[in-house]
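These notes are about the structure you will find just below.
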Amino acid sequence: MAPRPRCRAVALALVLLALARAPGAVPYAYITDQGSDDVAVLDLADGTRVATLKVGHAPVGVAVLAQPARVFVTSPESHDVQVIARGATPRSDRVEARLPAGELPVGVAVDARAARLYVGDMSAGRLLVFDAIGLQATGSVAIGRGPGGIAVDAEAGRVYVADRDDDAVAVVDTRTLARGPDIAVGQHPFGLALDAALRRLYTANVYGNSVSVVDLALGRRIADIAVGAAPYCLLLHPGLHRLYVSNQHDDSISIIDTQTLQVVTTVATGGYPEGLDLAPDGNRLYVVNWMDDTVSEHDARSGKLLRRFAGGRNNRGMGSFVVPE
Amino acid sequence: MKSNSKAIAAARRTLLAGLLTLAACAVQGALAHGPSRQKVIEGVDIDAPADKVWALVGDFAEGWPKWHPAIEASSADNGNAVGSLRRLTIKGGKFLVERLDLYDPSTMTLKYVIRSGDALPVTNYSSMVTVRADGNKTHVEWRGAFYRGYPNNDPPPEQNDEAALAAVTGVYKTGLENLKAVAEKK
């Protein structure tokens, strides 16, 4: 007897789920190409570009949501956020919505637990909040000048934004959207990384050539670590206690041991490294190199350059861009 | 009569101060630079040894007028030491003040940023020049990253992304062309 259609659908769904979660499944990278108004989807097994999705004008920021499988992209020059609905494979991905997002949306972050999307309007100095499931604007709050990177602290119910032109981090309560006292950091902060285990926040200070370490319990900066020239994005590897810093003007990444707050090594990348993300298994680091339109793959532990993939025109990849398996 | 004109002058000064404050506020509210960073990468192959080419390009302080046709004069406050500021006088009277950020004769690489000046419709400009030996020949690459001159939306045409790209491309192409000509001269 043939199985009933409903059972068949459930069986098919289980098979698809099993396939999607197969061990060693290959992750994809969704990288914003600011010079060609698209997102390049790279198969990280070999760097092949498997899809190109047209988005808004001059896309920069990117954030990944696992469930539902979506990728959010900020396009500062068309003043909106594109929502990419991920299909069974990248070839069936499509842009399902465009959300108007102030004057100059750049930074973007997802709070998966609360299904919220945060976007920084760099020109208006506002943090915009969206329902990441219903794709509706739900609120906004005035922060400081030139907001860049955004970090969501789900545990503390806070979101942090690098107010670049104020040399400070804005602190916003996720429930009330009330703004708490700013935290002073180094000069021209852009990238942020939250260290939930150590209750710390790190900022990449573009003009300060440093990373500030903020103790979140104390609510103030406790150290500045000298890195390369024009540090831009940050990424924490919680398992390895490593903080990666992309040094735009040095064509390198600094790797900081978060337990000792020392730079353990500095590794050459491509030209003008910006966006950073890790493979889901935590073994590989990906660096988006804006100047030479490449993505470099590094060993997450040593930083050693393993492979170089062709990227798109003026690729940025500011945010999380590797999709979970 | 006299006190009257004094009062008018004082009122004018107050008005001017007010206007300057307003202008400063407007600038503060604006972005530090345009929305999207632009880049230019140009290269040239030169039929001359790399040392000879580096002798021209690597003299950040005073050497560039010897090969760049648009530069009339160059002087620097601290030679070719990192941090040195050079003032380039451009033919026609415009100028640029640039700071040397990296100087590495072992890899024949230098980096600099524009600090001020009116010669290019760009902001936040940073640049790198590398000289690479290729046997008895040389490859020179000149790359720059910058934003357009107008920081906000809807730029005037002379300060938009295209104008910035065209200006920097022109500087690099004419410079490298003439560098080749000068270096290949016997």
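Quick notes
- Counting only residues that are within 14 Å of chain B (Cβ to nearest Cβ), more than 15 Å from residue A:129 (Cβ to Cβ) and touching a residue at least 40 places away in the same chain (Cβ under 8 Å), the range A:74-109 holds 2 of them.
- Within the range A:24-96, strands (runs of 3 or more DSSP E) holding 2 or more residues that are buried (at least 23 other Cβ atoms within 10 Å of the Cβ): A:28-33, A:38-43, A:61-65, A:70-75, A:80-85
- Options A:132, A:124, A:156; residue that is touching a residue at least 40 places away in the same chain (Cβ under 8 Å) and under 21 Å from residue A:72 (Cα atoms): A:132
- Listed conditions (1) part of a loop (DSSP other than H, G, I, E, B); (2) more than 14 Å from chain B (Cβ to nearest Cβ); (3) more than 19 Å from the chain's Cα centre (by Cα) are all met by residue A:267, apart from (1).
- Within the range A:107-133, the set of residues being over 16 Å from residue A:169 (Cβ atoms) and assigned to a strand (DSSP E or B) comprises A:108, A:110, A:111, A:116, A:117, A:119, A:121, A:128, A:129, A:130, A:131.
- Complete set of residues in the range B:9-62 that are modelled with pLDDT of 50 or more and within 12 Å of chain A (Cβ to nearest Cβ): B:31, B:32, B:33, B:34, B:35, B:36, B:37, B:38, B:39, B:40, B:41
- When A:285, A:243 are checked against the criterion of being crowded, with 23+ Cβ neighbours inside 10 Å and closer than 19 Å to residue A:30 by Cα, a single residue qualifies: A:285.
- Odd one out for residue A:164 among (1) touching a helix residue (DSSP H, G or I) at 6+ places or on another chain (Cβ under 9 Å); (2) within 14 Å of another protein chain (Cβ to nearest Cβ); (3) of a type in the set (D, E, K, R): (1)
- Looking only at the range A:124-144, residues that are surrounded by 20 or more Cβ atoms within 10 Å (Cβ to Cβ) and touching a Leu at 6+ places or on another chain (Cβ under 9 Å) come to 6 in all.
- Considering the range B:94-109, and only residues there that are under 19 Å from residue B:53 (Cα atoms) and surrounded by 14 or more Cβ atoms within 10 Å (Cβ to Cβ), the residue that is nearest to the other protein chains (Cβ to nearest Cβ) turns out to be B:102.
- Only one of the numbered conditions (1) more than 14 Å from chain B (Cβ to nearest Cβ); (2) under 18 Å from residue A:206 (Cα atoms); (3) within 17 Å of the chain's Cα centre (by Cα) is violated by residue A:256, and that is (3).
- Among residues of the range A:301-313, those that are in a loop (DSSP other than H, G, I, E, B) and under 18 Å from residue A:28 (Cβ atoms), counted: 2
- Summed over the range A:207-235, the residues that are in contact with a strand residue (DSSP E or B) (Cβ under 8 Å, 6 or more places away or on another chain), without any contact (Cβ under 8 Å) to a residue 40 or more places away in the chain and within 14 Å of chain B (Cβ to nearest Cβ) give a count of 4.
- Those residues of the range A:134-155 which are assigned to a strand (DSSP E or B) and within 25 Å of residue A:245 (Cα to Cα), in sequence order: A:147, A:148, A:149, A:150, A:151, A:152, A:153
- Condition met for residue A:303 (closer than 26 Å to residue B:145 by Cα, over 18 Å from the mean Cα position of the chain (by Cα) and not charged (D, E, K, R)): yes
- Within the range A:250-266, the set of residues being buried (at least 19 other Cβ atoms within 10 Å of the Cβ) and either under 19 Å from residue A:322 (Cβ atoms) or of a type in the set (Ser, Thr, Tyr) (or both) comprises A:252, A:253, A:254, A:255, A:258.
- Check on residue B:152, part of a loop (DSSP other than H, G, I, E, B), within 12 Å of another protein chain (Cβ to nearest Cβ), touching a residue at least 12 places away in the same chain (Cβ under 8 Å) and surrounded by fewer than 18 Cβ atoms within 10 Å (Cβ to Cβ): yes
- Residue under evaluation residue A:285, criteria (1) over 18 Å from residue A:234 (Cβ atoms); (2) assigned to a strand (DSSP E or B); (3) not β-branched (Val, Ile, Thr), criterion not met: (1)
The values are calculated or read from the model by the stated rules, or taken from the named source; none is laboratory data. Just so you know, these numbers come straight off a predicted model, no measurement behind them. Virtual Cβ from ideal backbone geometry, glycine too; neighbours counted across all protein chains shown.
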